[in-house]
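Here's the structure, in structure tokens; my notes come after.
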Amino acid sequence: MGPVAIVPAAGKGERFGGAKLTALLHGETVLDRTLASLLDGGISRVVVVVDPAAQLTAVVRLADPRVQTVVNDDPSRGMFSSIQAGLAVALGDPVLVIPGDMPFVRSATVVEVARACVRQRAIVVPVIGGRRGHPIAFPAGVQQAVLNAPSSSTLKQALAEAGVARIELPVDDAGVLRDVDVPADLVSGPPDGHLA
């Protein structure tokens with residue numbers, strides 16, 4: 001059983017003006033680039049959690065046999081509800097979580113985070129410049145604790161209560177901090193001047 005990733009992608013993208021995940025970045029959709037970093041980083045299965053009314057036909061990699069789409073019937077409950085919806089069908093170890101609007105993460109970073117999780121059997125959070133980012137990885141044994149957490153919780157809270165050690169993994173990848181909130185984020189430089 002190889003690594004699996006949960007990609008919450010059910011947000012409305014209101015600050016962006018809508019259709020954020022299908023916006024083009026270097027000729028590919030934002031979500032395609034996020035999926036590419038995971039698939040190229042050795043993730044065996046990716047579960048993308050979408051809104052019931054999602055219009056994602058432009059996202060080419062959703063047709064990849066390694067990618068599964070799951071609908072969050074009520075995404076207004078927040079991102080954690082999407083993570084739980086994805087985890088309910090996810091089979092793999094370790095489990096990585098990365099929002100769909102983080103297309104700048106390097107595939108090599110995905111490899112590093114997954115390997116550190118397997119090696120340490122701990123929750124792994126990539127860190128650059130003292131700031132924590134994504135993807136977050138955790139052993140499959142933590143999955144049930146996250147599923148059992150109240151939907152009003154957050155992933156951070158659920159993982160903190162799982163009773164598993166957490167390690168911060170220093171990385172040289174500013175993409176772990178860089179999401180897309182507004183159109184300018186597609187063209188602006190890396191955060192805090194770190195190397196992209």
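Here, each number is a calculation from the coordinates, and none is a lab measurement. Note that the structure is predicted; figures quoted are calculated from it, not measured. Methodologically, a virtual Cβ is constructed for each residue, glycine included, from the backbone with ideal geometry; neighbour enumeration extends over all protein chains shown.
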Relative contact order (percent, whole number), the chain, Cα cutoff 8 Å, 6+ residue spacing: 24 percent
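Can you give the charge dipole size of the chain about its Cα centre, rounded to the nearest 20 debye, using +1 on the beta carbon of Lys and Arg and -1 on the beta carbon of Asp and Glu?
So the magnitude is around 360 debye.
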Fraction of antiparallel bridges per DSSP, the chain only, in percent to nearest 5: 30 percent
FRET efficiency for residue 144 and residue 111, using Cβ-Cβ distance with R0 set to 30 Å, rounded to 0.05: 0.70
